[in-house]
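The next block holds one structure in the form of structure tokens; read it before the comments.
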Amino acid sequence: MTDLQAILDDIHAELSPRIGEGKVADYIPELAKIDPNQFGMAIATVNGDLYSVGDAAIPFSIQSISKVFMLTLALGKVGESLWTRVGREPSGTAFNSIVQLEREEGIPRNPFINAGAIAISDVVLAGHAPREAIGELLRFVRYVADDETITIDDKVARSETQTGYRNLALANFMRAYGNLDHPVEHVLGVYFHQCALSMSCQQLAKAGLYLAARGSNPITGHSVVSPKRARRINALMLTCGHYDGSGDFAYHVGLPGKSGVGGGIMAVAPGIGSIAVWSPGLNKVGNSQLGAVALEMLAARTGWSVFGD
Ligand code: GLN
């Protein structure tokens, strides 16, 4: 049996001279304040073990990782008809790109770029006031992570509401093309709050367990989605979870993963466990620089790549 704690300790020790690499997201004022000298990693296994190292208990802004949970909720509500609103192909463009959205007439390439996630927020909003939709997401995340202490950081949500000009542009574009049913401010209210979910690596690793274990949390027995749906969400994470860095992440790490500009990555080793890493410094395409390196080291040492060991 691989000694996962020893592997995590090794990765941490090897990377510690590099902690602080990359650039924190400064286009969201509240995130610009984050100390880049932090690094945490956690693994939750389908057997119920939890391993962690470094700053794995410190909550951080999960940002776009929330798009995985919102996609799960939206699929639960409208099923496969979701795919008339958003595509399933890698975008090859930045997470907040506008050009492609115009060329493709308001249908975002996939649920994990900003435009796609905004369309998904619109789906989850149906039949609710924005506050209720946010409450539903929070309940869902607490349920999958089996942790009632998870919260949303209102300061981060406010900071993005005040400065999210590009997201406002994306939402207005989609509304103009008829791909948003609700007022732009309501949809973005949901979107900014989901991005402001605050979770630690330990909580995030546990939250991803349903994707590692055929749709159910193996520890609590909570059933979340069918095995088929879990497999498909993993496929989307693998192909689209790192924006225009998705190919590179698959090449180096070989696991379905979703990144966020808060510097977190949640990755899934199907049948084995769920992994979360956090290091706030980002690379050029907005993914955690050291986070990806740490996951590459983990995949190399464990042989967990979905493409073979
Ligand atoms: N809230 C961020 C934004 O909309 C999410 C982006 C991300 O994490 N890649 O810009």
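Looking only at the range 138-159, which residues are within 16 Å of the ligand (Cβ to nearest atom) and part of a strand (DSSP E or B)? ILE152 - this is the single residue of the range 138-159 that is within 16 Å of the ligand (Cβ to nearest atom) and part of a strand (DSSP E or B).
When we screen GLY221, GLY178 for residues that are more than 22 Å from VAL86 (Cα to Cα), more than 19 Å from the chain's Cα centre (by Cα), among the small types (Gly, Ala, Ser) and more than 16 Å from the ligand (Cβ to nearest atom), the only hit is GLY221.
Determine if the range 107-115 includes at least one residue that is assigned to a loop (DSSP other than H, G, I, E, B), within 21 Å of SER226 (Cα to Cα), away from the ligand (no atom under 14 Å from the Cβ) and within 20 Å of the chain's Cα centre (by Cα). No, the range 107-115 contains no residue that is assigned to a loop (DSSP other than H, G, I, E, B), within 21 Å of SER226 (Cα to Cα), away from the ligand (no atom under 14 Å from the Cβ) and within 20 Å of the chain's Cα centre (by Cα). Here the condition is being assigned to a helix (DSSP H, G or I) and buried (at least 20 other Cβ atoms within 10 Å of the Cβ); of VAL190, VAL86, it holds for VAL190 alone. Inside the range 135-146, can you point out the residues that are in contact (Cβ under 8 Å) with a residue 60 or more places away in the chain and within 19 Å of PHE60 (Cβ to Cβ)? Passing the criteria: LEU137, VAL141, VAL144, ALA145. Filtering the range 18-64 to residues that are in a strand (DSSP E or B), under 16 Å from the mean Cα position of the chain (by Cα) and within 15 Å of the ligand (Cβ to nearest atom) leaves PHE60, SER61. Looking only at residues in the range 65-79 that are within 16 Å of the ligand (Cβ to nearest atom) and not hydrophobic (A, V, I, L, M, F, W, C), the one that is surrounded by the fewest Cβ atoms within 10 Å (Cβ to Cβ) is SER66.
Conditions (1) within 22 Å of LEU31 (Cα to Cα); (2) touching a Ser or Thr at 6+ places or on another chain (Cβ under 7 Å); (3) without any contact (Cβ under 8 Å) to a residue 60 or more places away in the chain, marked per residue:
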residue	(1), (2), (3)
VAL225	no, yes, no
ARG231	no, no, yes
HIS242	yes, yes, yes
GLY245	yes, no, yes
PRO270	no, no, yes
PHE307	no, no, yes
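Just one of the listed residues (GLN162, GLN203, GLN194) is away from the ligand (no atom under 16 Å from the Cβ), at pLDDT 95 or above and of a type in the set (S, T, N, Q), namely GLN203. Scanning the range 294-309 for residues that are part of a helix (DSSP H, G or I) and aromatic (Phe, Trp, Tyr) yields a total of 0.
Summed over the range 193-205, residues that are outside any loop (DSSP other than H, G, I, E, B) and crowded, with 24+ Cβ neighbours inside 10 Å total 9.
The values are calculated or read from the model by the stated rules, or taken from the named source; none is laboratory data. Because the structure is a prediction, the values reported are computed rather than measured. Note that we place each Cβ from the backbone using ideal geometry, even for glycine, and neighbour counts take in every protein chain shown.
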